[in-house]
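Structure first, commentary second.
The values are calculated or read from the model by the stated rules, or taken from the named source; none is laboratory data. As the structure is a prediction and not an experimental result, all values here were calculated from the model. Here the Cβ positions follow ideal geometry from the backbone for every residue, glycine too, while neighbour counts run over all protein chains shown. We work out accessible area using only protein heavy atoms, side chains counted, and drop any ligands, DNA or RNA first. Shrake-Rupley method; radii C 1.70, N 1.55, O 1.52, S 1.80 Å.
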Amino acid sequence: MTRLNVSEFFFLLYFFSIVGWIGESIMESVVRKRFVSKGFFKGPYVPVHGLGAFAIYLICFPLKPYPYLVFIVSMLVCTIVEYLAALLLEKVFGAKGWDYTTYPFTKNCHYKGRVAVSTSVFFGIVGMGIIYFFWDFSVFLMRLMEEKTLVIIDIVLYAIFVTDLVYTGTKAIRNKKAGIPNKTAGIEHLALQAENIEEGAPAA
């Protein structure tokens with residue numbers, strides 16, 4: 001198992017959060033046929049992916065000799081992390097980061113729009129990619145940088161994230177208290193279309 005110091009840990013956590021944002025934004029943009037920046041935050045990162053990557057590595061690394069177990073456990077771990085993240089966003093901030101009732105490949109196999117069978121299977125495949133290739137490759141790239149450089153990057157990135165967290169979180173909580181719904185990235189235009197149709201206006 002890879003030993004990480006503090007700066008490496010925080011860098012990889014942020015790195016996987018960015019990679020997750022890229023993957024989700026590409027998928028969402030293809031499905032919606034327009035660019036969509038996924039995630040609850042303003043910046044290009046989805047922290048649940050960083051947490052999910054670490055959870056997969058810590059839990060599944062001992063299972064590396066057994067690919068089928070890596071696949072199954074990755075499915076379970078990511079589904080649990082995703083469900084808890086969805087619950088946190090909804091209960092604390094009154095917001096949705098995603099809604100699986102709106103995707104053609106998840107609308108018939110989801111649970112409360114928070115998790116879905118098809119995405120869980122995909123998480124299993126991603127988990128195998130992390131364990132057998134992507135984790136080691138990411139660590140290799142990271143260690144091409146000097147420690148001092150890594151620390152500076154960490155400080156800058158987390159200063160941006162904390163600012164984003166305070167601004168976005170405060171705004172979401174304020175909206176929740178005022179009864180104003182917080183939009184779900186990628187599907188807010190669907191609700192607008194539905195309202196327009198009900199009112200007899202042409203859909204956008």
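When the accessible area of the chain is computed with all protein chains present and a 1.4 Å probe, what percentage of it is carbon and sulfur? Before the final figure, lay out each step's value.
Numbers: 8370 of 11610 Å².
Here it works out to 72 percent.
Based on DSSP H assignment, which helices of the chain show an axial Cα extent of at least 20 Å together with a mean Kyte-Doolittle hydropathy greater than or equal to 0.5?
Counting only whole DSSP H runs, the qualifying helices are 6-32, 67-88, 147-178.
What is the spin-label model distance, in nm, from LYS33 to LEU87 if the labels are put 7 Å beyond Cα along the C-beta direction?
Output for this residue pair reads 3.7 nm.
Over the residues of the chain, compute the C-alpha Rg and express it relative to 2.2 N^0.38 Å.
Cα Rg divided by the expected 2.2 N^0.38 Å: 1.11.
Please work out the FRET efficiency for the pair LEU69 and LYS183, using the Cβ-Cβ distance as r and a Förster radius of 30 Å; give the result to the nearest 0.05.
Working from the Cβ atoms, E equals 0.15.
Using unit Cβ charges (K, R positive; D, E negative) and no other charged atoms, how large, in debye to the nearest 20, is the dipole of the chain about its Cα centre?
The calculation lands at about 280 debye.
Rounded, prolate or oblate: which one fits the stretch 78-140, using the alpha carbon gyration tensor with axes a ≥ b ≥ c (rounded when a/c is under 1.5, else prolate when a/b beats b/c, else oblate)?
Working: a/c = 3.06, a/b = 1.60, b/c = 1.92.
The shape class here is oblate.
Restricting everything to alpha-carbon atoms, can you work out Rg to Rh for the stretch 34-132 with a Kirkwood hydrodynamic radius?
For the stretch 34-132, the value is 0.99.
Residue separation times 0.36 nm, minus the C-alpha to C-alpha distance between PHE9 and VAL121: what's the value?
Answer, rounded to one decimal: 37.6 nm.
For the stretch 21-108, what does the accessible surface come to per residue with a 1.4 Å probe? Please give it in Å².
Each residue of the stretch 21-108 exposes 51 Å² on average to a 1.4 Å probe.
Suppose R0 equals 35 Å; then what is the FRET efficiency for ILE22 and ASN108 from their Cβ-Cβ distance, rounded to the nearest 0.05?
0.80
Bin width 10 Å, origin at 0, all Cα-Cα pairs of the stretch 1-80: what percent of pairs per bin?
For the stretch 1-80, the binned pair fractions read 18, 38, 33, 11, 0 percent.
Run the reach check for LYS176 against lysines, Cα to Cα strictly under 17 Å, same-chain hits fewer than 8 apart removed. What comes back?
Once the sequence-local lysines are set aside, what remains near LYS176 is LYS91, LYS96.
Select from THR163, THR102, THR79 the residue whose mean-square fluctuation is largest in a Gaussian network model of the chain (Cα-Cα springs shorter than 10 Å).
Result: THR163 has the largest fluctuation of those listed.
Taking the Cα of ILE173, stepping 7 Å toward and past its beta carbon, and measuring to each backbone N in the stretch 70-100: which are under 20 Å?
85-97
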